[in-house]
Each structure stands twice: as structure tokens, then as C-alpha cells.
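Colleague: This is the structure I want to talk about, given as C-alpha cells.
The values are calculated or read from the model by the stated rules, or taken from the named source; none is laboratory data. Source: prediction; values computed, not measured. In this analysis, Cβ positions are derived from the backbone assuming ideal geometry, glycine residues included, and neighbour counts consider all displayed protein chains.
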Amino acid sequence: KRAGMFRPKLRYAHQGGMNPPIIIVHGNSLEHVTDAYKRFLEGRFRKEFDLVGTPLRIQMKTSQNPYADKEKG
């Protein structure tokens, strides 16, 4: 079980391109999303958008912490 700061948090997804369709998923700690979960998402998107026989690409974009470079104090 994943816990703490390394738990992936998916925020939203949108279409990033066509031919082949690209779906961009935004969130935090997405480098920790397992391949099995990516396949699950791909299957869900295929089912919901009726993409039978079409290659589908999913890109994960991790958001950056805007306060990471600031000093404490």
C-alpha cells in the first residue's frame, strides 16, 4: 500500500492531441503510478470514448510545487 508523500494524486485529464489520441493526466507524484494502473486507465478511456482498435497514448504530467524554491522563515 502506498502512503504519505509518494501516493499519486490524479487531478484532471484532458485531450492532448489526435491521431493517435493522446490523453494528458495531471497530478502529483505521478512517477509512482504503476503500469497496471496505467493499463486500467487506458481500458477505461477506451470504453468510455469508444476507441476500439485505435492506439491510445496516455501522458502523465506532474505539477511542480510553487513553494519548493522559497526559503523557510
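Colleague: For the range 25-73, name all the residues that are in contact (Cβ under 8 Å) with a residue 12 or more places away in the chain and among the small types (Gly, Ala, Ser).
Modeller: Gly27, Ser29, Ser63
Colleague: Okay, moving on. Identify the residue in the range 1-51 that is assigned to a loop (DSSP other than H, G, I, E, B) and among the hydrophobic types (A, V, I, L, M, F, W, C) and, among all such residues, is nearest to the chain's Cα centre (by Cα).
Modeller: Initial filter on the range 1-51 (assigned to a loop (DSSP other than H, G, I, E, B)): 1-3, 7-8, 18-21, 29, 33-34, 50-51.
Now restrict to residues that are among the hydrophobic types (A, V, I, L, M, F, W, C): 3, 18, 33, 51.
Details: Ala3: 18, Met18: 17, Val33: 8, Leu51: 18 Å.
Per the stated criteria, the residue is Val33.
Colleague: Evaluate the range 46-54: report whether one residue or more is over 25 Å from Arg7 (Cα atoms) and of a type in the set (Phe, Trp, Tyr).
Modeller: The answer is yes, given that some residue of the range 46-54 is over 25 Å from Arg7 (Cα atoms) and of a type in the set (Phe, Trp, Tyr).
Colleague: For the range 28-42, which residues satisfy the criterion of being surrounded by 13 or more Cβ atoms within 10 Å (Cβ to Cβ) and either modelled with pLDDT of 95 or more or not small (Gly, Ala, Ser) (or both)? I'd like the intermediate steps shown before the answer.
Modeller: Within the range 28-42, the subset surrounded by 13 or more Cβ atoms within 10 Å (Cβ to Cβ) is 28-30, 32-33, 38, 41-42.
Asn28, Leu30, His32, Val33, Lys38, Leu41, Glu42, listed by residue number.
Colleague: Give the range 56-73 a look and list any residue that's outside any strand (DSSP E or B) and surrounded by 10 or more Cβ atoms within 10 Å (Cβ to Cβ), or say none. Step through it out loud before you land on a result.
Modeller: Quick first cut of the range 56-73, residues outside any strand (DSSP E or B) only: 56, 63-73.
If the condition is that a residue be outside any strand (DSSP E or B) and surrounded by 10 or more Cβ atoms within 10 Å (Cβ to Cβ), then Leu56, Ser63 are the ones that fit.
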